[in-house]
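Just below is one structure, and these are the notes that go with it.
Read-outs: derived from the displayed coordinates by stated rules, not from any lab. Treat the numbers as computed from the prediction; the structure is a model and nothing was measured. Cβ coordinates were reconstructed from backbone atoms using ideal geometry, including for glycine residues, and neighbour counts include every protein chain displayed.
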Amino acid sequence: MGANARGEESNVPAKVQDNQSRGYIVPVGGAEDKDSDPVILRRFVEISGDEHARIAVIPTASRLDDTGRRYERIFKELGAADALALDYKRREDADNPEWLEYLHGASGVFLTGGNQLRISTILGGTDVARAIRSVNASGVSVGGTSAGAAILSEHMIAFGKSGATPRAGMVSLAPGFGLTNRIVIDQHFRQRDRIGRLLAALAYNPFAVGIGLDEDTAAFIDGEDTLEVFGSGAITVVDASKLEHSSMGSASDGDTICMTGIRLHILNAGGRFNLHTRVATPPL
């Protein structure tokens, strides 16, 4: 793990060993189809080992008692060999040795929706967060829906305001789990009119690619950092790498933000985007 100047652990992606490939990172925009045509969850089972899949479900973001059990049932019905909800509700739960053992032996990890700050405050800095980064670096697929998607990247959108125009102060960021530092994720994107807050997040630092996920839509990001879209909606990809100007540095709270030189792609099922080359490819 990385460390800052004071020697403290930071949420940087775990190092991938030379003989290994990072597992998929799978942010889902929320409200994924779980019954009639669960394309996204079925694909997650496939990349997690299909009939050999052993999936750790982490329902920490949710306050509903049956969330974990529901995903256990869904993954098993979709063909996984096993699925177990690790119901971390308090920070001390992260010390549960049996759950940690299951997590280290899982072939897939899936974080449910709810409130991403529940995940970060309960699991941030624990052995569970470290294990999730470590197993992903060793080839295990890690996905999450809604709040579970937001937590996957290094910089997490904690909360913000709706609206199409970016404004100073409309988005608040917090540390995520740090599986990747290449993207900033937002979910329920079109349904909740969130392009303004994603642009505002990128206005602070245009290094990352903005990924806006519609509901029932997922980005399957492979070990080579190529994203492929699955689901019924679209993904809005905001590439600010060629940003020419951002007024964020001089703006007061509530001011509109001027940004020039941004590239934007709308990708639906089968579309791809390479996070290294920043090249988008339409569906075949």
Is the stretch 90-105 home to any residue that is buried (at least 24 other Cβ atoms within 10 Å of the Cβ) and either free of Cβ contacts under 8 Å to residues at least 24 places away in the same chain or outside any loop (DSSP other than H, G, I, E, B) (or both)? no
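For the stretch 163-173, give me each residue that is polar (S, T, N, Q) and in a loop (DSSP other than H, G, I, E, B). First the steps, then the outcome.
The initial filter retains those residues of the stretch 163-173 that are polar (S, T, N, Q), namely 165, 172.
Passing the criteria: only Thr165.
Being more than 16 Å from the chain's Cα centre (by Cα) and not hydrophobic (A, V, I, L, M, F, W, C) is the filter; apply it to the stretch 28-42 and report the residue that is nearest to His188 (Cα to Cα).
Asp33
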Asp186 meets each of (1) closer than 28 Å to Gln17 by Cα; (2) among the acidic types (Asp, Glu); (3) without any contact (Cβ under 8 Å) to a residue 60 or more places away in the chain with one exception, condition (1)
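Inside the stretch 174-211, can you point out the residues that are of a type in the set (Gly, Ala, Ser) and assigned to a helix (DSSP H, G or I)?
Going residue by residue through the stretch 174-211, those that are of a type in the set (Gly, Ala, Ser) are 174, 176, 178, 196, 200-201, 203, 208, 210.
The answer is Gly196, Ala200, Ala201, Ala203.
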If you go through Gly68, Gly114, the only one that is assigned to a loop (DSSP other than H, G, I, E, B) and either surrounded by fewer than 18 Cβ atoms within 10 Å (Cβ to Cβ) or without any contact (Cβ under 8 Å) to a residue 60 or more places away in the chain (or both) is Gly114
The residue from Phe207, Phe189, Phe177, Phe273 that alone is farther than 27 Å from Gly114 by Cα, surrounded by 22 or more Cβ atoms within 10 Å (Cβ to Cβ) and not β-branched (Val, Ile, Thr) is Phe273
Within the stretch 166-194, residues closer than 15 Å to Arg133 by Cα and of a type outside the set (Gly, Ala, Ser) come out as Pro175, Phe177, Leu179, Thr180, Asn181, Arg182
Expected output for the stretch 120-144 (first residue in contact (Cβ under 8 Å) with a residue 24 or more places away in the chain, partner surrounded by fewer than 20 Cβ atoms within 10 Å (Cβ to Cβ) and among the hydroxyl-bearing types (Ser, Thr, Tyr), Cβ below 7 Å, 6+ apart or cross-chain) is Gly139/Ser21
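Name the residues in the stretch 7-57 that are of a type in the set (A, V, I, L, M, F, W, C), over 15 Å from Ser134 (Cβ atoms) and not in a loop (DSSP other than H, G, I, E, B), would you?
Quick first cut of the stretch 7-57, residues of a type in the set (A, V, I, L, M, F, W, C) only: 12, 14, 16, 25-26, 28, 31, 39-41, 44-45, 47, 53, 55-57.
Applying the additional criterion that residues be over 15 Å from Ser134 (Cβ atoms) yields 26, 28, 31, 39-41, 44-45, 47, 53, 55, 57.
Answer for the stretch 7-57, where residues must be of a type in the set (A, V, I, L, M, F, W, C), over 15 Å from Ser134 (Cβ atoms) and not in a loop (DSSP other than H, G, I, E, B): Val26, Val28, Val39, Ile40, Leu41, Phe44, Val45, Ile47, Ile55, Val57.
Go through the residues of the stretch 127-142 one by one and say whether even a single one is under 10 Å from the mean Cα position of the chain (by Cα) and under 22 Å from Leu84 (Cβ atoms). Let's see the steps before the verdict.
The initial filter retains those residues of the stretch 127-142 that are under 10 Å from the mean Cα position of the chain (by Cα), namely 142.
Now narrow it down to the ones that are under 22 Å from Leu84 (Cβ atoms): 142.
Within the stretch 127-142, one or more residues are under 10 Å from the mean Cα position of the chain (by Cα) and under 22 Å from Leu84 (Cβ atoms).
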